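Everything on this sheet refers to the single structure shown next.
The values are calculated or read from the model by the stated rules, or taken from the named source; none is laboratory data. Keep in mind that what you see is a predicted model, and the values were worked out from it rather than measured. Ideal geometry is used to build each Cβ from the backbone, glycine not excepted, and the neighbour counts take in all protein chains shown. Accessible surface areas use protein heavy atoms only, side chains included; no ligands, DNA or RNA. Shrake-Rupley method; radii C 1.70, N 1.55, O 1.52, S 1.80 Å.
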Amino acid sequence: NMYTLGENMDFTIQILSLVAQEESHKKSEAMNASYKQRFEQGMFMVPDLLGYDRVGVNKIAVNPEEAKTVQLIFMMYLAAIPLKTIAEVLVMLQRKTHVHVFKDGSTKGGEVRWTASSVRNVLKNERRCGNILAQKTYTPDYLTHKSVANKNKLPQYYAVEQHEAIVSPADFLIAQRMLRASHPGWQYGLPALQVHRDGMLGGF
């Protein structure tokens, strides 16, 4: 109910905008403090993902059919099969991506669409071995609401045995070491072993 053609209206709108912006800032700080308190108390948010279904508030249970896809991905990768080849095999076998079920009953996903990147994401998610790493991302600017990777900016929280595992922690750890060792190379599987003939490493 404002008369926007009034001569003082620009100033009024600026004041109201500043008040709204500060209110948004306070809400953002309160939300971040709430997350921090929850994490410190061991209360973690657990979204559903490939291999699991949501069965309650922050509770998930193994989806037997999707778990087969997760186990196949880890089995092939630990056998030194390249990510791209794994994606091609999943498409060939018609393995579907995770089906997200929303509160209103609608669904999203369940497609036969795999890439090397999507396979890597499955391998990197610690939830597949029953653990949870909280605060992987954060929102530095409350105005843009853009989420970015948390690279030592805020504390992270790691909890073990939070839900039923699909792969063993040992297999997950080996996969992480292989992923780190292969970045950015090893696009076609593990490199062949070779002996250094000359130089300081001759004979090794």
- prompt: Does region 90-172 come out rounded, prolate or oblate, given a ≥ b ≥ c as the square roots of the eigenvalues of its C-alpha gyration tensor, rounded meaning a/c under 1.5 and, failing that, prolate meaning a/b above b/c?
  reply: oblate
query: Farthest toward the dipole's positive end in the chain, which of 3, 63, 107, given Cβ charges of +1 (Lys, Arg) and -1 (Asp, Glu) about the Cα centre?
result: 63
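Got a number for carbon plus sulfur as a percent of the chain's accessible area, 1.4 Å probe? Before the final figure, lay out each step's value.
Values: 8140 of 14430 Å².
Carbon and sulfur together cover 56 percent of it.
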message: From the helices alone, meaning DSSP H stretches of at least four residues, give me the mean residue ellipticity at 222 nm for the chain, per-run term -39500 (n - 2.57), in deg cm²/dmol to the nearest 500.
response: -13000 deg cm²/dmol
- prompt: Top mean-square fluctuation among 67, 134, 149, Gaussian network model of the chain, C-alpha springs under 10 Å?
  reply: 149
message: Please compute the contact order of the chain in relative form: average sequence separation of alpha-carbon pairs under 8 Å and at least six residues apart, divided by the residue count, as a percent.
response: 18
Net charge of neighbours whose Cβ lies under 12 Å from the Cβ of residue 114, counting Lys and Arg as +1 and Asp and Glu as -1: +3
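To the nearest 20 Debye, how big is the dipole of region 57-150 about its Cα centre, given +1 on the beta carbon of each Lys and Arg and -1 on that of each Asp and Glu? Before the final figure, lay out the partial values.
Numbers: 14 positive and 7 negative charges, 14 e Å.
In debye, rounded to 20, region 57-150 gives about 60.
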message: Residue by residue through region 45-55, what is 3J(HN,Hα) from phi via Karplus (6.51 cos²θ - 1.76 cosθ + 1.60, θ = phi - 60°)? Round to whole Hz and write x for glycine and proline.
response: 7, 10, x, 6, 7, 3, x, 9, 10, 6, 10
query: Over the C-alpha atoms of region 8-109, what are the Rg and the largest Cα-to-Cα span, Dmax, in Å?
result: 22.4, 72
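Determine, from the Cβ-Cβ distance of residue 94 and residue 124 and an R0 of 25 Å, the FRET efficiency 1/(1 + (r/R0)^6), rounded to the nearest 0.05. Write down the numbers at each step before the final one.
Values: r = 24 Å, r/R0 = 0.96.
E between residue 94 and residue 124, to the nearest 0.05, is 0.55.
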message: Quick check: residue separation of residue 14 and residue 149 times 0.36 nm, minus the Cα distance between them. What number comes out in nm?
response: 45.3 nm
statement: Largest first and rounded to whole Å, the semi-axes √(5λ) derived from the alpha carbon gyration tensor of the chain read 43, 24, 19
- request: List, in the order given, every pair from 108/146; 27/96; 36/59 whose Cα-Cα distance in the structure shown is over 31 Å.
  value: 27/96
- line: The FRET efficiency for residue 181 and residue 29, from their Cβ-Cβ distance with R0 = 45 Å and rounded to 0.05, is 0.65
